[in-house]
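As structure tokens, the structure follows; a few thoughts come after it.
The values are calculated or read from the model by the stated rules, or taken from the named source; none is laboratory data. No experiment lies behind these values; they were computed from the predicted model shown. Positions of Cβ are backbone-derived with ideal geometry, glycine not excepted, and every protein chain shown enters the neighbour counts. Heads up: the accessible areas ignore ligands, DNA and RNA and are worked out on the full protein's heavy atoms, side chains in. Shrake-Rupley method; radii C 1.70, N 1.55, O 1.52, S 1.80 Å.
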Amino acid sequence: ECFPVFGSAPKWCGKEWFTMKKNDKRLFALSIAAAMLFVMPTGASAMHIMEGYLPMGHAIAWGALCLPFISIKKTVSQHRKALLILAMAGAYAFVLSALKIPSVTGSSSHPTGTGLGAILFGPAAMSIIGIIVLLFQALLLAHGGLTTLGANTFSMAIAGPFLSYGVYRLCRKCGVNKSVSVFLATCLGDLFTYCVTSVQLGLAHPSAEGGVMASITTFMGIFAVTQIPLAIVEGLLSVVVILALESYASGELSELAYSNY
């Protein structure tokens, strides 16, 4: 039986495994191994911004801000040969963002995993991949929430990926080594995600003494303790994944945004 992937076509059938090239099989096995390596049991405390932690007006506003960015049709139609890598980018983001460290009330620190996909496919593709990841985590793992889906999507699937993509392009135009560019882009994209999260939390819960800015500063300071090391680790891991893709999927990479800069 065949199952649709991203709409009506293309479709994945079990027999495709036997017709895949040797390098494609290795890449697929590598992605599964990476997922198994990083999946660890965690507590039930919420990650991202938890359900009900934002006022309803804030939740609706952040959701509305996400709408203009959510699009993947162009990516799927132009890069059909690289759909396996796109699926891997989604799995990579799902696994990394599920590895949480408790931080401030109502949220947690964790890698995001979305910067790598933004470098490979552009930030627009990661907007829809990110919202799917967050939706599955909210429904299946009780991580995040449905009312805060818009805010979490904006910070992790839009703001972070757009910065990662911009940093990568800027570094490449300045002649920076590709591996260094990937590291800087994914590391800074991770940190920017939490800067945006701090703004979201600060706006929703201003300090009684210093107001919104004092609250934002406090959230950033608390997040920094755990998020800076995590961002560095994510940057290094992203470089390792890119090197693996260059070794086993160079043909697919040649048509992506990554190889154009």
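Worth a mention:
- Ser181 open to solvent by less than 10 Å² (accessible area, probe 1.4 Å) and touching a Pro at 6+ places or on another chain (Cβ under 9 Å): no
- Candidates in region 196-215 are the residues that are open to solvent by less than 40 Å² (accessible area, probe 1.4 Å) and aliphatic (A, V, I, L, M); of these, the one that is farthest from His110 (Cα to Cα) is Ala214.
- Filter result for the condition that a residue is open to solvent by less than 50 Å² (accessible area, probe 1.4 Å) and within 25 Å of Gly52 (Cβ to Cβ), over Thr218, Thr193, Thr186: Thr193
- Top-ranked residue in region 145-170 [being out of contact with any Ser or Thr (no Cβ under 9 Å at 6 or more places or on another chain) and small (Gly, Ala, Ser); ranked as nearest to Val199 (Cα to Cα)]: Gly150
- Among the residues of region 134-149, just one is open to solvent by less than 10 Å² (accessible area, probe 1.4 Å) and of a type in the set (A, V, I, L, M), namely Leu134.
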